[in-house]
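The values are calculated or read from the model by the stated rules, or taken from the named source; none is laboratory data. Because the structure is a prediction, the values reported are computed rather than measured. Don't worry about glycine lacking a Cβ; one is built from the backbone with ideal geometry, like all the others, and counts go over all protein chains shown. Calculation scope for accessible area: heavy atoms of the full protein, side chains included, ligands and nucleic acids excluded. Shrake-Rupley method; radii C 1.70, N 1.55, O 1.52, S 1.80 Å.
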Amino acid sequence: MIRPVDAETIQDICRDVALDNYGFLYVNDHKEYIQTEYESAETGLRTAGTVSLSDIKQTLQDATGRNGFERRRNGVYYFNSFNSREGYRVSDELKSIFTYDFVVNKQTIESRFDIAPADVDFFASELANEDYIRRIAAGERAYYVSGPRLKDETSGDASVDSRLNEEAEHGTISHTDLERVIDVAATSDVIRFFEKNDFIADIDDEYVVKSALDDYAAHLANAVSEDSIEEFGDIGILPLSEFQQVIENEINDRFDVLKHLSHGDTSELLELVREHIAANNGLTVDRKLAIDSEQFEIYVTRRATQIRDDIESEQQPPSPSAYRDHGYPQIESIEVTDSQPVNQHLREHIKEKFDTLVNERFSVESDV
């Protein structure tokens, strides 16, 4: 009696072979290994102890569509490994590739994954569907850059954003440097792809790297910070809208950049520049006002002290409330700008300082 082969054992062995080869199983190439593994496996007395090439092919044909195997063509099968524990091998190999090559072609994929030329287009499509790579069309040719899934992997970052960040200086990269790192025949196609997919923005012979926009904002902030801060003058307070316009004017005076950016990118960049200037110079910024805290405090103290001293030069009020009766009307008349939020904020702080100074007077008298 002819004993049947152990189909489940053959399938398990073939699956392991495919997973070791990034999902591809070339039956003719792997026949001897599969036979050896089958013969050393525990198949039981009721099943055949050896297996032929036709047995392997028949088992795989029976498994197609039901147990994860996809028949590519005669003797070639594919098993999707992306969601298995062995799936990390695909991402590790891609990270290794994109660590050195910004852009790759089909020949690179064929060579590095050791697959047949006939399977490259299929495998590249699988990688793209899984967000491991992104395809760049260049006429009849195709190039690939790393996809968003590589950025999300915990064992490293081989994403386009990461590579552009590496090459950028102060958040920008020159056209010459970008061509150098792309290093493929279809440079212009790749650059258009990067622009279209919002990785970079062309600002006249160089590019802002979108993922490094904060670095570029810091660079601009360092350049315009001193002149922007001078606009606060002796008072140390500006309407937020005016401060933002000052920053924009200072940038336009020095850099030919804003007119090349979209409205959204311009707004984001200006906000980041403002945040850097504020952080580097001790500014306080809210929805309406921008304040140079140190200069503002100096001005408030000076005005409050002046009002108190003027009162004392004419009379000696007997109580804090008497001081307020004389001082508050003067404070309420203070108007340093057409911006009422600025005037109101200034009055409130001068009142607080005035009260503190007056209370100190009576506290000293009480101690004496």
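Could you list, in sequence order, the residues of segment 314-336 that are free of Cβ contacts under 8 Å to residues at least 40 places away in the same chain and open to solvent by less than 50 Å² (accessible area, probe 1.4 Å)?
If we filter segment 314-336 for residues that are free of Cβ contacts under 8 Å to residues at least 40 places away in the same chain, which is where we start, we get 314-318, 321-335.
Scanning segment 314-336 gives Pro317, Ala322, Tyr323, Gly327, Ile331, Ile334.
Quick test for you: out of Asn105, Asn129, pick the one residue that is open to solvent by 80 Å² or more (accessible area, probe 1.4 Å) and farther than 30 Å from His260 by Cα. Before the answer, list the steps.
Numbers: Asn105 fails: open to solvent by 80 Å² or more (accessible area, probe 1.4 Å).
That would be Asn129, the only listed residue that is open to solvent by 80 Å² or more (accessible area, probe 1.4 Å) and farther than 30 Å from His260 by Cα.
Looking at segment 189-220, which of the residues that are hydroxyl-bearing (Ser, Thr, Tyr) and in contact with an Asp or Glu (Cβ under 9 Å, 6 or more places away or on another chain) is nearest to Ala279 (Cα to Cα)?
Ser211
Identify the single condition in (1) at pLDDT 95 or above; (2) open to solvent by less than 30 Å² (accessible area, probe 1.4 Å) that Glu275 does not satisfy, given that it satisfies every other one.
(2)
Could you please let me know if Glu93 is out of contact with any Leu (no Cβ under 9 Å at 6 or more places or on another chain) and either part of a loop (DSSP other than H, G, I, E, B) or open to solvent by 80 Å² or more (accessible area, probe 1.4 Å) (or both)?
Working: out of contact with any Leu (no Cβ under 9 Å at 6 or more places or on another chain): yes; either part of a loop (DSSP other than H, G, I, E, B) or open to solvent by 80 Å² or more (accessible area, probe 1.4 Å) (or both): no.
No.
Could you please let me know if Asp161 is touching a residue at least 12 places away in the same chain (Cβ under 8 Å), within 23 Å of the chain's Cα centre (by Cα) and in a loop (DSSP other than H, G, I, E, B)?
no
Does segment 208-219 hold any residues that are more than 14 Å from the chain's Cα centre (by Cα) and open to solvent by 10 Å² or more (accessible area, probe 1.4 Å), and which are they?
Scanning segment 208-219 gives Ala218, His219.
Which of the residues spanning segment 1-30 are open to solvent by 60 Å² or more (accessible area, probe 1.4 Å), part of a helix (DSSP H, G or I) and free of Cβ contacts under 8 Å to residues at least 60 places away in the same chain?
Hits for segment 1-30 are Glu8, Asp12, Asp16, Asn28, Asp29.
Hey, Glu140 hits all of (1) at pLDDT below 90; (2) farther than 30 Å from Leu178 by Cβ but one; which does it fall short on?
Among (1) at pLDDT below 90; (2) farther than 30 Å from Leu178 by Cβ, Glu140 violates only (2).
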